[in-house]
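> Please see the structure below; I have some questions.
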RNA sequence: UUGACCGUAGCUCAGUUGGUUAGAGCGCCGGGUUGUGGUCCCGGAGGUCGGGGGUUCAAAUCCCCUCGGUCAACCCA
């Protein structure tokens, strides 16, 4: 950092090309996958009345201590969205679309946290939600969508883990049982573990502290608290995934961070990611959330994937590279540059990716730039060409030595655009 | 919020126990005779050593604060 004193706020960053193109490509791939399954895009505001998020649970860390919130000039208390399910559920309550309402979304979210690899204060997610059905097949469809997308990206080292948190009453009973169990062994827990116990015993289950893990190992399993209906639902979900050949590991200690989850909970974890942030996404069923937001009793299931972490996983597995940004044509003009402007515009109108230099640089310098642009062809305009109403066309992929004029041909200026369109089309046909 | 490590040109980094005009590679710009790229050679631009304060005759090198990064706990995508 030299004399630059202004910088992006902590935990945020600028994404420049070609990384930005890669992010866009990932979003497009997700859109394609989602719409294939009948999900329509929903674009909701980046901020909401703070109440929207408070309703999802005050004990949730995301809500209680990680929200960016503020009062606007009209004294409205607002918050930048820390997650999207609540926003989408609010949209559902507001518009009451016919069910099943199937939506996908994409965009930044904000959480006030200490940043580290794969964790930012502004981060991007893609996700999907299905409102209005408690059919276990809905869970299967949603999970399959998330899974298929990871596979489509080329990720092979992603695992799906699933669990069921039971119905509301099951969850309450389990919570009480955990409180009793852990309470009796509080002295064996870590100091922080005891704090967690007081706040939410469920959280202790995925503690990473060794002292806590030893105690957790003997904790009562949630299975014993499932209602018959919840147990049957989970069995149906697992059978459905099995039928689709989607490998799902039951993980009895999986409890998600948002408190609104009921029954199905799942996560996608990457084994290619080292470090603590190995979850690329997660989701589950949240029957009851819509009612909490003031709507009718409505079932729902969905998921979100962290775009930044997905991209990190792609890097680790060496898949889903940035799309190439090579130019088709580079216009070299040593007659002042006005001709390059005309030609480049013509080429672009014809759909070719055309680049040119500015500032009246030497031919050698422009050729160097042409090379670095990755252009397939260079169109040269010098005094001779200009006088003859012609241009020189140079094959930049030739193996001839630099400096020579082999692989170069003269063409009438008038027909050069059509000529290039034809040549590029012919090549594209040969090598897709 | 807690702890550990780190912060030198656009990028990756060197900078001996504090001592004259802070270096390299890559990148960028220009040149190697008349208008031509990818190799090679030469040259140039670019840094108030993250910022502020302190110790000292003297600090990129020591101390404090601050901002930022990385890693871990917490939590989560």
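Where a number appears in this text, it was derived from the coordinates with a stated rule and is not lab data. Keep in mind it's a predicted model, so treat the numbers as computed, not measured. Because the Cβ atoms are built from the backbone with ideal geometry, glycine has one as well, and the counts that use them run over all protein chains shown.
> Give me the angle, in degrees from 0 to 90, between the Cα long axis of helix A:85-95 and the longest principal axis of the Cα atoms of chain A, rounded to the nearest 10.
90 degrees
> Quote to one decimal, in nm, the extra length available between residue A:172 and residue A:116 on full extension: 0.36 nm per residue of separation minus the C-alpha distance between them. Please list the in-between numbers first.
Details: separation 56, 0.36 × 56 = 20.16 nm, distance 3.42 nm.
Extra length from residue A:172 to residue A:116 when fully extended: 16.7 nm.
> With the cut-off at 1.5 for a/c, could you classify segment A:72-164 from its C-alpha gyration tensor as rounded, prolate or oblate? Display every interim value, and only then the final one.
Details: a/c = 2.53, a/b = 1.17, b/c = 2.16.
It comes out oblate by the Cα gyration axes.
> For residue A:397 and residue A:342, calculate 0.36 nm times their separation in residues minus their Cα-Cα distance, and state this gained length in nm to one decimal. Intermediate values should be presented prior to the final figure.
Details: separation 55, 0.36 × 55 = 19.80 nm, distance 2.46 nm.
Full-extension gain reported as 17.3 nm.
> Grab the eigenvalues of the alpha-carbon gyration tensor for segment A:123-183, scale each by 5, take roots, and send me the semi-axes largest first in whole angstrom. Don't jump to the answer; show the numbers that get you there.
On the way: eigenvalues 186, 58, 25 Å².
Output for segment A:123-183: semi-axes of 30, 17, 11 Å.
> Let me ask you something else. Once you order the gyration tensor axes a ≥ b ≥ c over the Cα atoms, which shape class does segment A:174-217 get: rounded for a/c under 1.5, otherwise prolate or oblate by comparing a/b with b/c?
Judged from the Cα gyration tensor, segment A:174-217 comes out rounded (a/c under 1.5).
> I've got another one for you. Relative contact order (percent) for segment A:329-427, with alpha-carbon contacts under 8 angstrom and 6 or more residues of separation? It would help to have the intermediate numbers written out before the result.
Details: 144 pairs, mean separation 26.0, N = 99.
After rounding, I find 26 percent.
> Still on this structure, please answer the following. What relative contact order, as a whole-number percentage, does segment A:268-403 give when Cα pairs under 8 Å and 6 or more residues apart are counted?
Details: 193 pairs, mean separation 24.6, N = 136.
18 percent.
> Quick check on segment A:154-227: take the gyration tensor over C-alpha atoms, sort the square-rooted eigenvalues as a ≥ b ≥ c, and tell me if it's rounded (a/c under 1.5), prolate or oblate.
Working: a/c = 2.34, a/b = 1.23, b/c = 1.91.
It comes out oblate by the Cα gyration axes.
> I would also like to ask the following. Compute the distance in nm between two label points, each set 7 Å from the Cα along the Cα-to-Cβ direction, one at residue A:421 and one at residue A:28.
My value for the distance between the label points is 2.2 nm.
> Mind grabbing the base-10 log of I(q)/I(0) for segment A:329-427 at q = 0.11, 0.22 Å⁻¹? Debye formula, identical points on the C-alpha positions, no solvent, two decimal places.
Once normalised to I(0) and log-transformed, intensities are -0.27, -1.23.
> Based on DSSP H runs of at least 4 residues, each adding -39500 (n - 2.57), what is the mean residue ellipticity at 222 nm of chain A after dividing by all its residues, to the nearest 500 deg cm²/dmol?
Details: 15 runs with 163 residues, N = 432.
Here the helix-only value at 222 nm equals -11500 deg cm²/dmol.
> Debye calculation, C-alpha points only, no solvent: report log10 I(q)/I(0) for segment A:274-315 at q = 0.18, 0.27 Å⁻¹, in the same order as the q values.
Scattering profile of segment A:274-315, log10 relative to I(0): -0.61, -0.86.
> A further question on this structure: Count the DSSP beta bridges whose two residues both fall in chain A, then state the antiparallel fraction as a percent rounded to the nearest 5.
Details: 51 of 64 bridges.
Just about 80 percent of them are antiparallel.
> Rounded to two decimal places and with Rh computed the Kirkwood way over Cα pairs, what is Rg over Rh for chain A? Please list the in-between numbers first.
On the way: Rg = 28.4 Å, Rh = 25.5 Å.
Across chain A, the Cα-based Rg/Rh ratio is 1.12.
> On to the next question. Using only the alpha-carbon atoms, how far is helix A:307-317 inclined from the longest principal axis of chain A? Give it as 0 to 90 degrees, nearest 10.
It works out to around 70 degrees.
> Whole number please: convex hull volume per residue of the Cα set in segment A:205-281, in Å³? Please report the intermediate quantities before stating the final value.
On the way: hull volume 9.2 nm³, N = 77.
Enclosed volume per residue, from the Cα hull, is 119 Å³.
> While we're here: Quick one: if the Förster radius is 35 Å, what FRET efficiency do residue A:8 and residue A:185 give, using the C-beta to C-beta distance and rounding to 0.05? All intermediate terms of the calculation are to be shown ahead of the outcome.
Details: r = 46 Å, r/R0 = 1.31.
Efficiency at R0 = 35 Å is approximately 0.15.
> Grab the alpha carbons of segment A:343-400, take their convex hull, and tell me the volume per residue in Å³. Could you put the intermediate results ahead of the total?
Details: hull volume 5.8 nm³, N = 58.
Value for segment A:343-400: 101 Å³ per residue.
> Restricting everything to alpha-carbon atoms, can you work out Rg to Rh for segment A:273-386 with a Kirkwood hydrodynamic radius?
My calculation of the ratio gives 1.38.
> Next question. Need one number: nm distance between label points at residue A:316 and residue A:68, each 7 Å from Cα along Cα→Cβ, rounded to one decimal.
2.7 nm
> Then there is this: Between residue A:406 and residue A:349, take the C-beta separation as r, use R0 = 30 Å, and let me know the FRET efficiency to the nearest 0.05.
My answer for the efficiency is 0.45.
> Let me ask something additional. Can you pull the one-decimal nm distance between simple spin-label points at residue A:387 and residue A:208, each 7 Å off the Cα toward Cβ?
7.3 nm
> So, one more: Hey, how much of the P(r) for segment A:1-136 falls beyond 19 Å, as a percent of Cα pairs? All intermediate terms of the calculation are to be shown ahead of the outcome.
On the way: 5558 of 9180 pairs.
Pairs farther apart than 19 Å: 61 percent.
> Considering the zone a paramagnetic label at residue A:144 would reach in this model (a point 7 Å from Cα along the Cα-to-Cβ line), which residues of segment A:226-262 have amide N under 19 Å from it?
Counting backbone N atoms under 19 Å from the label point, the list is A:233-249.
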